[in-house]
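The values are calculated or read from the model by the stated rules, or taken from the named source; none is laboratory data. Quick caveat: nothing in here was measured; it's all calculated off a predicted structure. Each accessible area value is taken on the protein alone, full model and side chains, heavy atoms only, with ligands, DNA and RNA left out. Shrake-Rupley method; radii C 1.70, N 1.55, O 1.52, S 1.80 Å.
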Amino acid sequence: MRKFAHAVTVVAAVGGMLVTPGVASAVPPSCWTETNGSTWAAGFCPSGTYKVVVQYCRPNCHREEGYPAVNGNPSGISFSPGGSIAGVDVEYV
């Protein structure tokens, strides 16, 4: 039982690194996002055409959009180190 509890803890910790707590989001149902909170973000939806949209701050915040993607493929965007991602959303195109 201890090994199972430890495995659950490790999985939760790794999952927490992919989706940064405190990053605002208004993702459509059945879609999801991933980010490290500073240099990259990605958005996914199981169907349709969509793009990831982020609020990127360095030092002022502004909207940045990833390239369009379809049917579960990632829509991604990346930045050079030094800024932060304040919000991650997915929008249908």
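Step by step: first the residues of the stretch 78-93, then only those that are open to solvent by 30 Å² or more (accessible area, probe 1.4 Å) and not small (Gly, Ala, Ser), then the one that is nearest to Ala26 (Cα to Cα). Which residue is that?
Asp89
Tally the residues that are open to solvent by 80 Å² or more (accessible area, probe 1.4 Å) and under 14 Å from Tyr92 (Cα atoms), restricting the search to the stretch 31-72.
5
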